[in-house]
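Notes follow the structure.
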Amino acid sequence: MIKIGGTNLLDEFNLEDAKSKIGQEIKLRACVHNVKKMSGFSFIALRTGRYVIQSVYSADECADSLDGIKEGCYVDITAAIKSEEKAYNGIELVLKSIKVMSKPNADYPLHVSKRRLGCSLDINLDLRSVSLRNPYERAAFKFQEGVVSGFREFMLNNGFTEIHTPKIVAQGAEGGANIFYMDYFQKPAFLNQSPQFYKQTAVAYFDRVFEIAPVYRAEKHATSRHLNEYIGLDFEMGYIDDMYDVMNMETAMLRHTMKFLRENYQNEIKILEAEIPEVNEIPSIRFEDAITLLKGSRTKNKFDLEPEDEVFLYEYAKKEHNSEFIFITHFPSSKPPFYAMNDKDDPRVACKFDLLFRGLEITTGGQRIHDYDEQLAKMKAQGLDPDDFEHYLQIHKYGMPPHGGLGIGLERLVMKLLKQQNIRQASMFPRDINRLLP
C-alpha cells in the first residue's frame with residue numbers, strides 16, 4: 001500500500017506475489033471484465049492493467065450486492081486468495097466486498113471479454129479505446145514494452161547514452177519525396193525522417209548513443225508493412241573497425257532482448273502464442289550474391305530488395321542456416337544514403353546492410369563516412385549540394401571517429417515476433433495514408 005497526501009493508492013496487482021499469499025486477504029481495484037451468474041453464486045472476471053483474474057461471488061461470503069455490477073464497471077474489492085488450478089492464472093479471489101467506483105454509460109460495441117474480438121481490422125482501429133480492453137489485443141503492447149525495455153537495458157549495459165533528438169527539423173536526413181513539410185513560424189520545416197544527423201553528432205562527445213522515438217515518412221503506401229509514423233530503435237557507435245562491429249552489436253542486442261522477453265513477459269507470450277526466436281550467429285550474404293540467388297524469381301530491382309525477395313531470402317536462411325534472421329550487406333554505393341561509406345576495396349558498393357527477420361526488412365544500418373573530404377565527394381556524386389548540409393558537415397570538419405549504426409522499426413519487429421499479418425496490429429494508434437484518427 002502506498003500512501004500519498006492522505007490517499008491510499010493500491011499497488012498494481014502482482015500475480016506472483018498473490019500466489020505466495022494463498023489464504024490471505026487483499027484489496028484490489030480493477031475493471032469487471034465479465035459476469036457469469038450461476039445457481040447460488042457468480043463468477044466475475046476482473047481485469048487489471050496486465051491480468052484477468054477470476055473471482056467468485058456469493059451472498060454468504062460477500063457483504064455487498066451484485067446489483068448493477070456489469071461488464072465495464074470499475075470496482076474496489078476485498079477478497080481472499082484461493083489456489084484454483086482450473087482458473088487461467090492459477091488463483092481465484094473469494095469476494096468479501098465489492099464497491100462500484102464508476103459505471104459505463106453504454107455497453108461495449110465489441111466482444112471485449114471474448115478471447116479474440118472477431119471484427120475487421122478497420123473496426124478494431126476505429127474503436128481502439130474499446131478494442132484494446134480485450135486482453136489479446138492489449139497484450140501486444142505490453143509485449144512491445146518488453147522489446148523496448150530489453151533494447152534499452154542492453155544499450156545502457158553496453159556503454160550507450162540515451163539521447164532525445166528534434167523531430168522538427170530544417171532538413172531531412174534521407175531527402176527525397178517522402179518527407180512531411182510544415183510551416184514553422186513562417187519558415188519551412190520538416191518532420192524528421194530519422195535521427196541520423198543528430199546521433200552521428202552525439203557520437204563525437206558520447207562515443208555510443210541510442211534513441212527510442214517516432215520517425216516520420218511521407219510515403220504514399222497503403223500496404224500491410226508501412227506506417228507514416230513509427231517508432232525507431234536507433235543506435236550509433238564510435239571507434240568501429242567496420243560495419244561488422246555494428247552487425248555484431250545488433251546480434252548481441254537481439255539475443256539479449258529475446259532472453260529478456262522470455263524471462264519477463266511469459267504472461268503475454270502465453271496469451272499471444274508468440275514464438276520467440278533463438279538468436280545465435282546470424283548469417284550474412286552480399287547483395288550481389290543475393291541477386292544471384294534470386295535469379296529466376298520475380299525480382300526486377302537491381303539496387304534494392306523487393307518484398308518477395310525478402311521472403312525468398314528468409315526461406316533460404318531458414319533452410320541453409322536454420323536462422324530466421326539474415327543480413328544482406330554491400331548494397332550499391334550509387335543508391336542513397338549519402339552518408340554510407342563506400343567499400344575501400346570496391347567503391348561500387350557501400351558498407352551498408354539490412355537485416356531481414358521472417359521475410360521482412362526490420363533494420364537498415366552500416367558504417368558512416370567520417371572523413372570530411374570523402375563526405376563532400378559522395379554528396380556531390382549523388383547530386384547534392386554540400387552547402388545545404390552546413391551544420392551536418394561540421395561533425396566531419398571538426399573530426400569524428402570511425403563510426404556506424406542502425407535503425408530498427410519497432411512495429412515491424414513486433415509484427416514479425418507475433419506473426420501478425422498487418423503492421424497496424426503492432427501500432428497502438430496507427431498513422432498511415434488513410435488514418436489520422438483516433
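The values are calculated or read from the model by the stated rules, or taken from the named source; none is laboratory data. These figures come from a predicted structure and were not determined experimentally. Backbone-built Cβ (ideal geometry, glycine too); neighbour counts: all protein chains shown.
Quick notes
- All positions within the range 29-58 that are aliphatic (A, V, I, L, M) and modelled with pLDDT under 95: M38
- Spans of strands (runs of 3 or more DSSP E) in the range 17-116 with at least 2 residues over 22 Å from N134 (Cβ atoms): 25-37, 52-57, 74-83, 91-102
- Residue check for E310: assigned by TED's automatic domain parsing to the domain that holds G404, surrounded by fewer than 15 Cβ atoms within 10 Å (Cβ to Cβ) and either farther than 16 Å from L360 by Cβ or not β-branched (V, I, T) (or both): no
- Test: residue in the range 119-137 that is outside the structural domain of N248 (by TED's automatic domain parsing) and without any contact (Cβ under 8 Å) to a residue 12 or more places away in the chain: yes
- Screening the range 47-71 for residues that are touching a residue at least 40 places away in the same chain (Cβ under 8 Å) and not basic (K, R) and picking the one that is farthest from V100 (Cα to Cα) gives Y51.
- Within the range 115-171, the residues that satisfy the criterion of being over 15 Å from the mean Cα position of the chain (by Cα), of a type in the set (V, I, T) and under 20 Å from L233 (Cβ atoms) are T161, I163, T165, V169.
- Residues that are surrounded by 20 or more Cβ atoms within 10 Å (Cβ to Cβ), in contact with a Ser or Thr (Cβ under 7 Å, 6 or more places away or on another chain) and in contact (Cβ under 8 Å) with a residue 40 or more places away in the chain do not occur anywhere in the range 363-382.
- Filtering the range 234-275 to residues that are loosely packed, with under 14 Cβ neighbours inside 10 Å and either touching a His at 6+ places or on another chain (Cβ under 9 Å) or among the β-branched types (V, I, T) (or both) leaves only Y239.
- Test: residue in the range 139-155 that is modelled with pLDDT of 95 or more, among the aliphatic types (A, V, I, L, M) and over 23 Å from R412 (Cα atoms): no
- Residue pairs meeting the criteria (Cβ under 7 Å; at least 6 apart or on separate chains; first assigned by TED's automatic domain parsing to the domain that holds Y372 and free of Cβ contacts under 8 Å to residues at least 60 places away in the same chain, in the range 197-222; second of a type in the set (G, A, S) and in a strand (DSSP E or B)): R208/G238; A213/G232
- Residue selected from the range 96-121 under the condition of a type in the set (A, V, I, L, M) and out of contact with any helix residue (DSSP H, G or I) (no Cβ under 8 Å at 6 or more places or on another chain), by the criterion surrounded by the most Cβ atoms within 10 Å (Cβ to Cβ): I98
- Of the strands (runs of 3 or more DSSP E) lying entirely inside the range 328-419, not one is found with 3 or more residues being in the same structural domain as G238 (by TED's automatic domain parsing), touching a Gly at 6+ places or on another chain (Cβ under 6 Å) and among the aromatic types (F, W, Y).
- Here G383 does not fit the description of being out of contact with any Asp or Glu (no Cβ under 9 Å at 6 or more places or on another chain) and within 24 Å of F210 (Cβ to Cβ).
- N124, sole failed condition from (1) in contact with a helix residue (DSSP H, G or I) (Cβ under 9 Å, 6 or more places away or on another chain); (2) part of a loop (DSSP other than H, G, I, E, B): (2)
- The listed residue being at pLDDT 95 or above and closer than 23 Å to E137 by Cα, out of S97, S102, S120: S120
- Any hit, the range 428-438, residues being at positive phi and either surrounded by fewer than 15 Cβ atoms within 10 Å (Cβ to Cβ) or outside any loop (DSSP other than H, G, I, E, B) (or both): no
- Scanning the range 301-327 for residues that are closer than 29 Å to Q421 by Cβ, part of a loop (DSSP other than H, G, I, E, B) and not hydroxyl-bearing (S, T, Y) returns N301, F303, D304, L305, E306, N322, E324.
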